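A.B. asks: Take a look at the following structure, please.
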Amino acid sequence: MKNWQIKWKKTGILIMGVMLGTTLLAGCGGNANKPEGGTNKAVTGESQGPLKLSIMSLMYAEPPKADSDVQKAVEAYTNTKLDISWVPNSMYKDKVNVTIGSGELPKAMLVQNNKDSNILNAVRSGAFWEVGPYIDDYPNLSKMSKAVFDNIKVDGKIYGLYRARDLSTFGIIFRSDWLKNVGLSEPKTIDDLYAVLKAFTLDDPDKNGKQDTVGLTEDKAMEGFNVIASYMGAPNGWEVKDGKLSPDFLAPEYFEAMQFYKKLYDEGLIKQDFPVLNNQQKKDDINQGKAGLVISNMIDAAAYQASLTKTFPGADVDVVSRIQGPKGERTPGGQGYNSVFMFPKSSVKTEEELKQILGFFDKLSDQTMLDLLGWGSEGKHYKLENNKPVFIDQKLFDTEVGSSYLQLQVAKYTAKTPGLETPLMEKYAKMIRENEEIAVNNPSNPLVSDTMTTKGTEIRPIIEDARAKFILGKIDEAGWQKAIDDWRKAGGDKIIEEFSAHYAQIN
């Protein structure tokens, strides 16, 4: 029997054992309670009774039941008794602020931005445990990226465990059947991309005899613009110039990207109402056959393919992520994480208890747990085809597992055992891995600016609104420069000064 089948048989037995009221030890042949990485019992507290662990985390659907099969399996495997407060994502930040203000903190609290002023103040006042000295004691946690840990540091120290994410997932998703219809090849340069967008708009790519399509769809967040700017050589958020930090919109390449978008708008090659569209409306443009290309997370390509095939037989989707620009092949890199689990000293009283809690998160990164939280339970959420898992009902999995329990993992969710994938899925998964070598880092990730924390969100719209107005032709280059000056006066110069001082300090 193959390793995959063995692991999943164990997980299935694990869940069945819990449902029948038996122990995990009996369900998994006596080995499952031992961490796959060989964590020291003295570190995890495994030799003691179940760890009572309160957690506050976010969810994207309905809260799961505390007696669910999945939670029982997690508790049995990790030797814990969990008390989880599930908070809707839309109100999570406010809940964190209220919880910190109340002083009634869980033992593990997910924080979406550990550089927010209230979190920084709490860290600097000694409210949270520093965990950096303990990470190397755990087989799974010790394998987490040191560079990403650097990104979450506060004053040079690590105060939590980040939830790992792929570094670079953005690329170009396009209708490959349309590309064939207009007689073009996949774009490799900015000029190629322009030619594709023009043909998708003017050359009847869907062959319905009407000029009713558009090349590029975008939304008000303009994620695609940031990718195009990177292709053209612009910084990712910030750059270091002469030892000081400088925002991306001061770079000439950023302005060139604005001019490119303005050209697309003037020629009608991009959705004309994109500044007021939301992300779902952008997706609808592709799914309804109105637009032929979108620049977004490449993982979306599989959903586009599935949706289009139902409505337009013969529709086909493909991806490309490497566009040759003036500085070679580049793509914007992310932070490498999404939110941080932090551990309040008011509720985690001792170092020994902290070690046990870290042991819980370490065990959640064992392959058995990665697979349980990544696929759910066999027969209910997934089935095996050709010895590989495939979802039976992904919506059910998302509701019962993916939107809640999966959010507890600090390992990448892509670390689960690979499932039955289409060639398109295999292609963009390979691109995501390989693009890490060309990802452009944002040097401000590990930096702290008090002014950025307090005013950054407030003054950022000065730049974003002016960018949109320039593209729409409502202001000229002088108007754009005035917006930059306004941003500087409103606190931007102070942010530059503080980022530069912190950069000099840690370097």
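The values are calculated or read from the model by the stated rules, or taken from the named source; none is laboratory data. Since this is a predicted model, take the numbers as computed values, not measurements. Quick reminder, even Gly has a Cβ in these numbers, built from the backbone with ideal geometry, and neighbours come from all protein chains shown. For accessibility, only protein heavy atoms count, side chains too; no ligands or nucleic acids. Shrake-Rupley method; radii C 1.70, N 1.55, O 1.52, S 1.80 Å.
A.B. asks: Taking the stated definitions as given, is ASP67 closer than 17 Å to SER377 by Cβ and either among the charged types (D, E, K, R) or in a loop (DSSP other than H, G, I, E, B) (or both)? Full working, then the answer.
C.D. replies: Numbers: closer than 17 Å to SER377 by Cβ: yes; either among the charged types (D, E, K, R) or in a loop (DSSP other than H, G, I, E, B) (or both): yes.
So ASP67 passes the test.
A.B. asks: Quick one: would you say VAL154 is assigned by TED's automatic domain parsing to the domain that holds SER230, on the phi < 0 side of the Ramachandran plot and not small (Gly, Ala, Ser)?
C.D. replies: Numbers: assigned by TED's automatic domain parsing to the domain that holds SER230: no; on the phi < 0 side of the Ramachandran plot: yes; not small (Gly, Ala, Ser): yes.
The answer is no for VAL154.
A.B. asks: Give, as residue ranges, the strands (runs of 3 or more DSSP E) completely inside region 220-329 that count at least 3 residues that are over 30 Å from SER449 (Cβ atoms). Steps first, answer last, please.
C.D. replies: Numbers: elements: 238-241, 244-247, 291-297, 317-320.
In region 220-329, 291-297, 317-320 are the strands (runs of 3 or more DSSP E) which contain 3 or more residues that are over 30 Å from SER449 (Cβ atoms).
A.B. asks: Looking only at region 80-98, count how many residues are free of Cβ contacts under 8 Å to residues at least 60 places away in the same chain and farther than 19 Å from GLY402 by Cβ.
C.D. replies: Total meeting the criteria: 9.
A.B. asks: If I ask for residues that are surrounded by fewer than 17 Cβ atoms within 10 Å (Cβ to Cβ) and either assigned to a loop (DSSP other than H, G, I, E, B) or touching a residue at least 12 places away in the same chain (Cβ under 8 Å) (or both), which ones from region 144-164 would you list?
C.D. replies: As a first pass, look at region 144-164 and keep what is surrounded by fewer than 17 Cβ atoms within 10 Å (Cβ to Cβ): 145-147, 150, 155-157.
Matches in region 144-164: SER145, ALA147, ASP150, ASP155, GLY156, LYS157.
A.B. asks: Starting from residues that are of a type in the set (S, T, N, Q) and modelled with pLDDT under 95, keep the ones in region 50-92 and report whichever is most open to solvent (accessible area, probe 1.4 Å). Full working, then the answer.
C.D. replies: Initially, region 50-92 is screened for residues of a type in the set (S, T, N, Q), giving 54, 57, 68, 71, 78-80, 85, 89-90.
Remaining after also requiring modelled with pLDDT under 95: 68, 89-90.
Values: SER68: 28, ASN89: 59, SER90: 109 Å².
Looking at the filtered set, the residue picked out is SER90.
A.B. asks: Within region 402-421, does at least one residue satisfy the condition of being of a type outside the set (A, V, I, L, M, F, W, C) and surrounded by fewer than 15 Cβ atoms within 10 Å (Cβ to Cβ)? Before you say what the answer is, go through the steps one by one.
C.D. replies: Within region 402-421, the first condition is being of a type outside the set (A, V, I, L, M, F, W, C), and the residues that meet it are 402-405, 407, 409, 412-414, 416-419, 421.
Those left that are additionally surrounded by fewer than 15 Cβ atoms within 10 Å (Cβ to Cβ): 418, 421.
Within region 402-421, one or more residues are of a type outside the set (A, V, I, L, M, F, W, C) and surrounded by fewer than 15 Cβ atoms within 10 Å (Cβ to Cβ).
A.B. asks: Across region 100-113, what is the total count of residues that are closer than 20 Å to PHE360 by Cβ and either assigned to a helix (DSSP H, G or I) or within 23 Å of the chain's Cα centre (by Cα) (or both)? Let's see the steps before the verdict.
C.D. replies: Taking region 100-113 and keeping what is closer than 20 Å to PHE360 by Cβ, we get 105-111.
Narrowing further to those that are either assigned to a helix (DSSP H, G or I) or within 23 Å of the chain's Cα centre (by Cα) (or both): 108-111.
The number of residues fulfilling the criteria is 4.
A.B. asks: Taking region 224-263 on its own, how many of its residues are under 23 Å from ILE495 (Cα atoms) and open to solvent by 10 Å² or more (accessible area, probe 1.4 Å)?
C.D. replies: 17
A.B. asks: So which residues in region 165-207 are assigned to a strand (DSSP E or B) and aromatic (Phe, Trp, Tyr), if there are any at all? Let's see the steps before the verdict.
C.D. replies: Here is the first cut: in region 165-207, the ones assigned to a strand (DSSP E or B) are 170-175, 189.
Matches in region 165-207: PHE170, PHE174.
A.B. asks: Can you tell me which condition LEU167 does not meet? The list is (1) surrounded by 22 or more Cβ atoms within 10 Å (Cβ to Cβ); (2) touching a Phe, Trp or Tyr at 6+ places or on another chain (Cβ under 8 Å); (3) of a type in the set (A, V, I, L, M), and all the others hold.
C.D. replies: Only one criterion is unmet by LEU167, namely (2).
A.B. asks: Take the residues in region 264-276 that are of a type in the set (D, E, K, R) and in contact (Cβ under 8 Å) with a residue 40 or more places away in the chain; name whichever of them is most open to solvent (accessible area, probe 1.4 Å). Full working, then the answer.
C.D. replies: Looking only at region 264-276, we keep the residues that are of a type in the set (D, E, K, R), and these are 266-267, 271, 273.
Next, from what is left, pick out any that are in contact (Cβ under 8 Å) with a residue 40 or more places away in the chain: 266-267, 271.
Numbers: ASP266: 96, GLU267: 80, LYS271: 43 Å².
Per the stated criteria, the residue is ASP266.
A.B. asks: Against the definition (assigned by TED's automatic domain parsing to the domain that holds VAL111 and either closer than 26 Å to SER168 by Cα or at pLDDT 95 or above (or both)), how does SER377 come out, yes or no? So that I can check it myself, show each step before the final result.
C.D. replies: Values: assigned by TED's automatic domain parsing to the domain that holds VAL111: yes; either closer than 26 Å to SER168 by Cα or at pLDDT 95 or above (or both): no.
No.
A.B. asks: Looking at (1) of a type in the set (S, T, N, Q); (2) in a helix (DSSP H, G or I); (3) touching a strand residue (DSSP E or B) at 6+ places or on another chain (Cβ under 6 Å), which one does THR451 not meet, given that it meets all the others?
C.D. replies: (3)
A.B. asks: Go through region 340-395 and report how many residues are open to solvent by 10 Å² or more (accessible area, probe 1.4 Å) and part of a loop (DSSP other than H, G, I, E, B).
C.D. replies: Of the residues in that region, 13 qualify.
A.B. asks: Still on this structure, please answer the following. Please go through region 463-506 and give me each residue that is within 16 Å of ALA251 (Cα to Cα), small (Gly, Ala, Ser) and exposed (fewer than 13 other Cβ atoms within 10 Å of the Cβ), ordered by number.
C.D. replies: Correct list: ALA478 only.
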